[in-house]
Amino acid sequence: MLTIKAIESAKPKDKPYKLPDFESLYLYITPSGTKSWRFDYQFNGKRKTLTIGKYPHITLQEARNEKELARQLLAHGKDPSFERKKSALLANIENDNTFKSISIEWHNSKKSTWSKKYADEVMIIFNRDIFPFIGNEPINKIKPLEMLTVLKGIESRGALEIAKKARMRCSEVFRYAIITGRAENNPAAELSTALAKTQPKNFPFLATDAEMSEFLKALKGYSGNILTRHATMLLIYTVPRTIELITLKWSNVNFDEKIAIIDADVVKKDRTHLIPLSTQALDILKFLRPITGHGEYVFPNRNHPDKPMSNGAILHVIRRIGFANRATGHGFRHQFSSVLNEHGFNEDWIEKQLNHEEGSVRGIYNHAQYLEGRREMMQWYADYIDGLTA
């Protein structure tokens, strides 16, 4: 049996040699002076060698313990070398199962469909606000409370919108991990109700059904320009940005598909935006087609028909019916989001309808995410709006 003294006094030779301990455990010494523990054994009639580790990192007693574990595996019909490689592989998988590594993998899979600017913005949020806290944790071990603590830390500095975006993107990472078999739960999915709600200070909105009902009745009685009245109503039914609505072209209205297409140059993003049209929205467009359908724009400028309606036209209607400083075109989008979230609609459908999701889409119809779900949602919302004046 080896002793510590014998191990320490062993010197390198011209050729590698062994210092035997017992039961086929020995110290292997190379000409360079490296000393490593090895164990010779037979498995399925073949001679094999298990390299346990280097001395002094692995002590004599530790080497003997590892040898005993190997003998136990052999007694149960298992190959010690194979089991060690399997353990190392599982350890590597566990290391690659961190939230950070999977987030980067998810980001790499998505960034080809995003603009570079947006891809960089997403990674900045992860590097600054997420990775320092949960980046090195196995993704399947992260709990909702831990995720909420991270998001509340973002909120604490007043960055409510960033906290909202961080939750959405983290939720996508968890969904990606579930799909790829590395997680079973999404701890970020249900946290939206636990975060502070952001309200745009510069865009008043009608916060209650009673206020919206009052507004709709006033709009119905508006005796001014018929185009601006219908533009305001269509804005409420479809909730695009005002500039997206007033620049809508007849060539981008597909009555057969019941969809309106907002061009990428209007959206100022790398993709078109699709708006499914409810029955009520289609009725407005069918009514307007004999009036403005001979021109380019659905809502042409009153004095210059070859140009779109003025950006302030809808705001003018809002003021004329007595809702100045109480409602805005953008406020209808906020109301839409609030109502549908309160009624439990899919958050991804809502965000897609509001065109908040960044990214580039090649083609129009083939990449219309959530389109069928949004059709159902938009018809429900149009019926809801009509119900406020029933």
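The criterion of being closer than 22 Å to L371 by Cα, in contact with a strand residue (DSSP E or B) (Cβ under 7 Å, 6 or more places away or on another chain), buried (at least 22 other Cβ atoms within 10 Å of the Cβ) and among the hydrophobic types (A, V, I, L, M, F, W, C) holds for L248.
Mind listing whichever residues of the stretch 155-180 are touching a residue at least 60 places away in the same chain (Cβ under 8 Å), under 12 Å from I102 (Cα atoms) and aliphatic (A, V, I, L, M)? Scanning the stretch 155-180 gives V173, A177. Hey, can you tell me all the residues within the stretch 141-159 that are open to solvent by 50 Å² or more (accessible area, probe 1.4 Å) and modelled with pLDDT under 90? Matches in the stretch 141-159: S156, R157, G158.
The single residue among R289, R319, R302 that is over 29 Å from R374 (Cα atoms), over 38 Å from the mean Cα position of the chain (by Cα) and not in a loop (DSSP other than H, G, I, E, B) turns out to be R319. In the stretch 314-328, the residues that are within 14 Å of S223 (Cα to Cα) form Cβ pairs under 9 Å with partners that are basic (K, R), at six or more places apart or across chains, as follows: V317/R229; I318/R326.
Of the residues in the stretch 96-119, at least one is free of Cβ contacts under 8 Å to residues at least 60 places away in the same chain, over 17 Å from P20 (Cβ atoms) and in contact with a His (Cβ under 8 Å, 6 or more places away or on another chain). Checked against (1) surrounded by fewer than 18 Cβ atoms within 10 Å (Cβ to Cβ); (2) under 14 Å from the mean Cα position of the chain (by Cα); (3) of a type in the set (G, A, S), A163 passes all but a single condition, namely (1). Looking across the stretch 204-236, the residues that are of a type outside the set (G, A, S) and open to solvent by less than 20 Å² (accessible area, probe 1.4 Å) come down to L206, M212, F215, L216, L219, T228, T232, L234, L235, I236.
Across the stretch 124-136, what is the number of residues that are open to solvent by 50 Å² or more (accessible area, probe 1.4 Å), touching a helix residue (DSSP H, G or I) at 6+ places or on another chain (Cβ under 8 Å) and charged (D, E, K, R)? Give the derivation first.
If we filter the stretch 124-136 for residues that are open to solvent by 50 Å² or more (accessible area, probe 1.4 Å), which is where we start, we get 124, 127-128, 132-133, 136.
Narrowing the set further to residues that are touching a helix residue (DSSP H, G or I) at 6+ places or on another chain (Cβ under 8 Å) leaves 133, 136.
Right, trim to charged (D, E, K, R) and you get none.
Residues meeting the conditions: 0.
Name the single residue that is least open to solvent (accessible area, probe 1.4 Å) among those in the stretch 12-44 being of a type in the set (S, T, N, Q) and either closer than 15 Å to D79 by Cβ or part of a loop (DSSP other than H, G, I, E, B) (or both). Walk me through how you get there before you give the answer.
Keep residues of the stretch 12-44 that are of a type in the set (S, T, N, Q), which gives 24, 30, 32, 34, 36, 42, 44.
Next, from what is left, pick out any that are either closer than 15 Å to D79 by Cβ or part of a loop (DSSP other than H, G, I, E, B) (or both): 24, 30, 32, 34, 42, 44.
On the way: S24: 64, T30: 33, S32: 98, T34: 52, Q42: 132, N44: 132 Å².
Going through the qualifying residues, I end up with T30.
What do you reckon, is N303 exposed (fewer than 15 other Cβ atoms within 10 Å of the Cβ) and farther than 26 Å from F287 by Cα? For N303, the condition - exposed (fewer than 15 other Cβ atoms within 10 Å of the Cβ) and farther than 26 Å from F287 by Cα - is not met. Set side by side, the residues R84, R47 differ, and just one is open to solvent by 50 Å² or more (accessible area, probe 1.4 Å) and assigned to a helix (DSSP H, G or I), which is R84.
The values are calculated or read from the model by the stated rules, or taken from the named source; none is laboratory data. Here the structure is a predicted model, which means the values were calculated and not measured. Every residue, glycine as well, gets a Cβ built from its backbone with ideal geometry; the counts of neighbours run over all protein chains shown. These accessible areas exclude ligands, DNA and RNA; they are computed on the full protein's heavy atoms, side chains included. Shrake-Rupley method; radii C 1.70, N 1.55, O 1.52, S 1.80 Å.
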